[in-house]
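The values are calculated or read from the model by the stated rules, or taken from the named source; none is laboratory data. Source: prediction; values computed, not measured. All Cβ positions, glycine included, derive from the backbone under ideal geometry; neighbour counts span all protein chains shown.
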Amino acid sequence: MIAYICRRFLSMIPSLFLASVIVFSFIHFIPGDPAQVMLGDQATPERVQQLRESMGLDRPLYVQYAKWIGGVLRGDMGQSIFFHKPVLDVIADRAETSLLIAVFSMILIIVVGVPIGILSAVRCNSRLDQLFSGASMFFASIPTFWLGLNLMLLFAVTLKWLPTSGFPSIVESGDWSNLRYLVLPCITLAAPNSALIIRLTRSSMLDVARADYVKTAWAKGLSEGSVTMRHIFRNSLISVVSALGFTFVALLAGTVVTETVFSLPGVGRLVVESLLRRDYPTIQGVILIVAFVYMLVNLLVDLSFAILDPRIRYS
Amino acid sequence: MKGRKLLVFLAACVCLVLVGGAATAAPAKGGVLRMAVIDEPPTLDQHVVTSDLTTMIAQHIFEGLYTFNAKYAPVPLLVKSDEVKDGGKVVVLHLRDGVKFHNGKVMDAEDVLASLNRWGKFGARGPVLFGNLEKVEATGKLDITMTFKAPFAPWKNLLAFLNGGPVIYPKDVVATAEKKPIEQYIGTGPYKFAERNPGRYIKLVRFDDYASRTEPADGYSGKREALFDEIRFIPVPDVGTRVNGVKAGDYDYAEQILGDLFDSLKADDAVVTTVNQGATQGLMFFNSKTGPLKENFKLRRALQAAMNMEAVLRTAVGPKELWKASGSFMPDSTTWYSKSGVDAFSNGSAEKAKALAKEAGYAGEKITLMASTSYKFHHDSTMVLVKQLKDAGFNIDYQIYDWATLISKRADPAQWDIFFTHHGFVPDPVLYTFMSESYPGWWTTETKRALAKEFSATMDDAARKLVWDKIQALAYEEVPVIKTGDHFTYDIYSPKLDGLSASSLIWPKFWGVGFKATK
Amino acid sequence: MNILAVFARRKIALFGLAVIGVMLAFAIFAPLIATMDPQEMNPVDKLTPPNGIYLFGTDNFGRDIFSRVVYGARASLLGSTGVILFSMTLGVLTGVVAGYFRRVEPWLMRLVDVLMAFPPLLLALVLVSILGRGMINVIVAVGATYLTRTTRIVYGLTLKVREEAYVEAAVSSGTRVRDIILRHLLPNMMSPIIVQATFTFAFSLLDMAALDFLGLGIPPSIPSWGNMLSEGRMYITRAPWLLTFPGMCIVLTVLAFNLAGDVLRDRLDPHFRSRIEGV
């Protein structure tokens, strides 16, 4: 098992290297440059050139890449052009929001998605199942920003139960009541995702239910609850867990739209804003880190298979 | 009879104002102002960037030698008095004594000299002044002497305009920054910089040692009093979220609201609207270096004739109160307002355009028009304009980009014929972008050069205005640029705020503003 | 197998089919159905609520929303169709190549793995930033994010089908590679590919709307449901009809394709439980 984990880590190195090359070259293919964006509409070409030079943007691309990747290997992702501080600090500033959003959305998704999925599978083709599958399909079909805007109008503007936007740091203030700022964004994100988890749980449970060992379990006269939970659910967990793993990564950085609607200082908005500002080091840093997290989660998901299904052994 | 009624009415009004004035207590001291702004500024360094957002925030921290009163006339701020000698060639500035920086040091001529020099060398608008300057030196502890090559009239306006302008930093801050944006935000303003929390807010706190002027407040000039303990500028990029946030009480003030929402927000008791009088104008620059529009002034006039700006403004801006279809490059709130040449503005005649195009020898060559989707009104304006141009028979290749791509593409004359941008308020036409020869579009005809030279050398205000009239007339003849009209952005705020005027001059300011005193 | 018969057995699926039919009719017969020119601006009538002349009201340019919704079906359906064609064609190609030719497999799959490690929406955003806004560019950008997923699925299927006795028999009897792929591999993978395509269609419609929201989608000069919805969002309190109609079109179409995908998967291929849904 440990040898397997080590092997997986080793194989991440070339992947991350490849990822860094792809990210770097993609980013520098984008027209425009940060000096021009920063100085604005009325800057003279000389002024822009001066700033470009002071940023090192006038050097050949391969030199810039070598400098960047050299820094990354030493744990230094460079300076953010826009924020004038280390990229890692900039990302750390945003990590709180993104992690909390991801964790709380995941909790919502699991708490809502998995039980309803099980119920739908057990009561397969009943009225209840049809209701759930209809509702979940509906939520999976709404563009996120439309859902978010409507939730904001209803719960924040009309009813005034929750704040509209923003998220004051909990770490800095120690005030856990700030979590109320994340309620609407997490619902917005959890709605479509739990819908997908409901459907996945339902379909993989139905799938497993057809397997021979489940038939044997029924034949042995085990109780319905026991068969459902111990045999069917446990075995269908594999696909559910792997889907949850990927959902988690997507929630870490792929929540730009929700972050924009609710004006949250998260990683997703950081990437998109950095893209518009051509803040190369920041975009590169975020995407590389997210890719690394993705690979880690991938590994964790694979390892969880061994726990869920004793037949799977890694060596 | 009618006259008496009016008199009674007027008297009643006066009473109301007096009573009302007495009843309203002055805004209270204290509290945190939460202001929703459109984005995060790249830096607060006023020397190098011309972003309005930067200036709006930075004006609370940094101050310049002069500033503007409510009539857009330059008046002293950090300067106590000035002397103009030698027919305008020499200007001596006497600084105010005892003005403290936020780090506790007292400002002197060395700080001012260092700041002016950096601005002249690396600043956005510095070269406009420094190109005409022979030397600037500190001639005393609190004296600065500027010697011009020839009398240069706009100097005071240039020193008063903060946007990309010469704010005063301590000299050691200047020394460490040079061409890079400054990173220590130390100024002399009523609020001092406290913290930048990326993605969350920029925090300013009251500067208790602020050396305020004593004259009554007038525009940006006179007494400045910081009432809030703290101001937070919070980036809220989505306009709908800014509106909802103020309505729900999550923000106290939100800038740059959508024109089409103006009427409904004005009628809403939960918010107050305030219109910004410093007009913004949409501009279409024509490529003078290469392509079908190069030196083909008749073809440019043909394009100009096809446009109907009322339709553009009604679509892109909204309610009539927020725009003026005015052809004068300088808005009518300034003394520079001019009608010369404006007969050619907004003719909206496809026939006239077709006739002119025919005369110009236009045979359906492709004309590339670039606009950015990063600004909604750029896109909305160009959508209407492109339609009008196509209806008049022009072959327009309409290309849209994000702002960063557009400003890099427009640097290359081969890539475009027309691009759309906007121009903020400037106090002196010398700061108008088309006056600069390096601004994309590159309007450099001989006639223009001669007039521009005459303009900056003329000292007398009335005479300068006459030259400006000629320049504007030429701009309608050679058409380096087409203006869509003036439009006024507006902001909304919570009725809990007190001390804000019904409209702001260029940027909203928060000295003299506080929460309503509770009884 | 008769797909129509499959659908006929479930009423809800018929509803899905009907929605798809209506939207297709909008797209194909747009000039006949639309009551006005979708690009015609009437600034005087801007933001008019739905009435007898403007069935769905007008937008901030004074354009007729009904006609734009009808024409919008073109861009939106075309966009999603393009995404399917792009991601399926290339995905099947790379997947089969990776699964069949062991020499290129490690390289190709490593690349696919790395590309999958980038969050899909961010990858699409970066690609549109490079290519610029445009119908085809958006299709390529969104398609690229589905391409890798398709490659993965097809790769897995290829490995599985390859080991089937009849394929091994064909290989050992010296059948040409092209024929093996065309005659044995592809036909056996069709059902899951169709199912994947159906879901891709649904999700790509939402992805394109998200790109529109971020200002990097289909150019706003082409009416599409996504950019109508995203441009209209600023008017949600002032003129909600700007959002309601294009929004409903997106929801209904995505719903219909999801339903279709479900039915197809249940009937065509009961053993195929894809990972597509988990994304």
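The set of residues from region B:379-420 being within 14 Å of chain A (Cβ to nearest Cβ), part of a helix (DSSP H, G or I) and within 28 Å of the chain's Cα centre (by Cα) comprises B:W403, B:A404, B:T405, B:L406, B:I407, B:S408, B:K409, B:P413.
C:I181 - would you say it is away from every other protein chain (no Cβ under 13 Å) and part of a helix (DSSP H, G or I)? So C:I181 passes the test.
Suppose the filter is part of a helix (DSSP H, G or I), surrounded by fewer than 21 Cβ atoms within 10 Å (Cβ to Cβ), away from every other protein chain (no Cβ under 12 Å) and aliphatic (A, V, I, L, M); does A:V241 pass it?
In short, no.
Among the residues here, B:S349 does not qualify as polar (S, T, N, Q), buried (at least 17 other Cβ atoms within 10 Å of the Cβ) and away from chain A (no Cβ under 14 Å). Looking at this structure, is B:F233 assigned to a loop (DSSP other than H, G, I, E, B) and either at pLDDT below 95 or crowded, with 22+ Cβ neighbours inside 10 Å (or both)? The answer is no for B:F233. For A:I118, state whether it is more than 13 Å from every other protein chain (Cβ to nearest Cβ), part of a helix (DSSP H, G or I) and farther than 30 Å from A:D93 by Cα. Considered against the rule, which asks whether it is more than 13 Å from every other protein chain (Cβ to nearest Cβ), part of a helix (DSSP H, G or I) and farther than 30 Å from A:D93 by Cα, A:I118 comes out as yes.
In this structure, is A:I81 under 28 Å from the mean Cα position of the chain (by Cα), within 10 Å of another protein chain (Cβ to nearest Cβ) and modelled with pLDDT of 90 or more?
Considered against the rule, which asks whether it is under 28 Å from the mean Cα position of the chain (by Cα), within 10 Å of another protein chain (Cβ to nearest Cβ) and modelled with pLDDT of 90 or more, A:I81 comes out as no.
Residues in region B:462-514 that are assigned to a loop (DSSP other than H, G, I, E, B), under 19 Å from the mean Cα position of the chain (by Cα) and of a type in the set (S, T, Y): B:T489, B:S501. Which one of the conditions (1) within 22 Å of the chain's Cα centre (by Cα); (2) surrounded by fewer than 19 Cβ atoms within 10 Å (Cβ to Cβ) does C:P192 fail to meet, given that it meets all the rest? The one condition C:P192 does not meet is (2).
Criterion applied to C:G232, C:G174, C:G215, C:G247 was being outside any helix (DSSP H, G or I), over 16 Å from C:L78 (Cβ atoms) and either under 16 Å from the mean Cα position of the chain (by Cα) or within 12 Å of chain A (Cβ to nearest Cβ) (or both), and the one residue passing it is C:G215. The single condition among (1) within 8 Å of chain C (Cβ to nearest Cβ); (2) over 27 Å from C:L211 (Cβ atoms) that A:P168 does not meet is (1). Within region B:468-489, being β-branched (V, I, T) and in contact with a Pro (Cβ under 9 Å, 6 or more places away or on another chain) holds for one residue alone: B:I471. Cβ separations smaller than 7 Å between residues 6+ apart or across chains give the following pairs from region A:277-305 residues that are within 8 Å of another protein chain (Cβ to nearest Cβ) and surrounded by 17 or more Cβ atoms within 10 Å (Cβ to Cβ) to residues that are small (G, A, S) and outside any helix (DSSP H, G or I): A:R278/A:G32; A:A291/C:A117; A:Y294/C:A117; A:M295/C:A117.
Of all residues in region C:1-29, those that are within 14 Å of C:V69 (Cβ to Cβ) have Cβ atoms under 6 Å from Cβ atoms of residues that are modelled with pLDDT of 80 or more and polar (S, T, N, Q), 6 or more apart or on another chain, in C:M23/C:T253.
Within this structure, C:A117 passes the test of being of a type in the set (G, A, S), at the interface with another protein chain (Cβ under 10 Å from one of its Cβ atoms) and closer than 30 Å to C:L186 by Cα. For the residues A:L251, A:L270, A:L264, the requirement of being more than 10 Å from chain C (Cβ to nearest Cβ), surrounded by 17 or more Cβ atoms within 10 Å (Cβ to Cβ) and part of a helix (DSSP H, G or I) singles out A:L270. Just to be sure, is C:L77 within 14 Å of chain A (Cβ to nearest Cβ) and more than 16 Å from C:V154 (Cα to Cα)? No: the conditions fail for C:L77. For B:T54, the test of being out of contact with any helix residue (DSSP H, G or I) (no Cβ under 9 Å at 6 or more places or on another chain), of a type in the set (S, T, Y) and at pLDDT below 95 is passed. Looking across region B:90-116, the residues that are farther than 16 Å from B:Y66 by Cα, out of contact with any Ser or Thr (no Cβ under 8 Å at 6 or more places or on another chain) and in contact (Cβ under 8 Å) with a residue 24 or more places away in the chain come down to B:G98, B:N103, B:G104, B:K105, B:E110, B:A114. Looking at region B:169-187, is at least one residue more than 14 Å from chain A (Cβ to nearest Cβ), of a type in the set (A, V, I, L, M) and crowded, with 24+ Cβ neighbours inside 10 Å? Within region B:169-187 (the criterion being more than 14 Å from chain A (Cβ to nearest Cβ), of a type in the set (A, V, I, L, M) and crowded, with 24+ Cβ neighbours inside 10 Å), the answer is no, since none of the residues qualifies.
Provide a single number: the residues in region B:35-66 that are assigned to a strand (DSSP E or B) and either of a type in the set (F, W, Y) or surrounded by fewer than 23 Cβ atoms within 10 Å (Cβ to Cβ) (or both).
So the answer is 1.
Assessment of region A:62-74 against the conditions (surrounded by fewer than 17 Cβ atoms within 10 Å (Cβ to Cβ), more than 20 Å from A:P31 (Cβ to Cβ) and within 11 Å of another protein chain (Cβ to nearest Cβ)) yields no matching residue. If we scan region A:220-236, do we find a residue that is within 11 Å of chain C (Cβ to nearest Cβ) and either part of a helix (DSSP H, G or I) or at pLDDT below 80 (or both)? Checked against the condition, which is being within 11 Å of chain C (Cβ to nearest Cβ) and either part of a helix (DSSP H, G or I) or at pLDDT below 80 (or both), region A:220-236 yields at least one hit. Taking the stated definitions as given, is B:A517 outside any loop (DSSP other than H, G, I, E, B) and out of contact with any helix residue (DSSP H, G or I) (no Cβ under 7 Å at 6 or more places or on another chain)? The answer is no for B:A517.
Considering the conditions (1) part of a helix (DSSP H, G or I); (2) more than 8 Å from every other protein chain (Cβ to nearest Cβ), A:F145 is excluded by exactly one of them, (2). In region B:506-513, the count of residues that are surrounded by fewer than 19 Cβ atoms within 10 Å (Cβ to Cβ), in contact with an Asp or Glu (Cβ under 7 Å, 6 or more places away or on another chain) and not aromatic (F, W, Y) is zero. The residue of region B:188-211 that is farthest from the other protein chains (Cβ to nearest Cβ), among those that are hydrophobic (A, V, I, L, M, F, W, C) and within 12 Å of B:E230 (Cα to Cα), is B:F207.
Checking the structure you have, find out if any residue of region C:56-64 is modelled with pLDDT under 95, farther than 19 Å from B:S381 by Cα and either part of a helix (DSSP H, G or I) or among the acidic types (D, E) (or both). No: region C:56-64 contains no residue that is modelled with pLDDT under 95, farther than 19 Å from B:S381 by Cα and either part of a helix (DSSP H, G or I) or among the acidic types (D, E) (or both).
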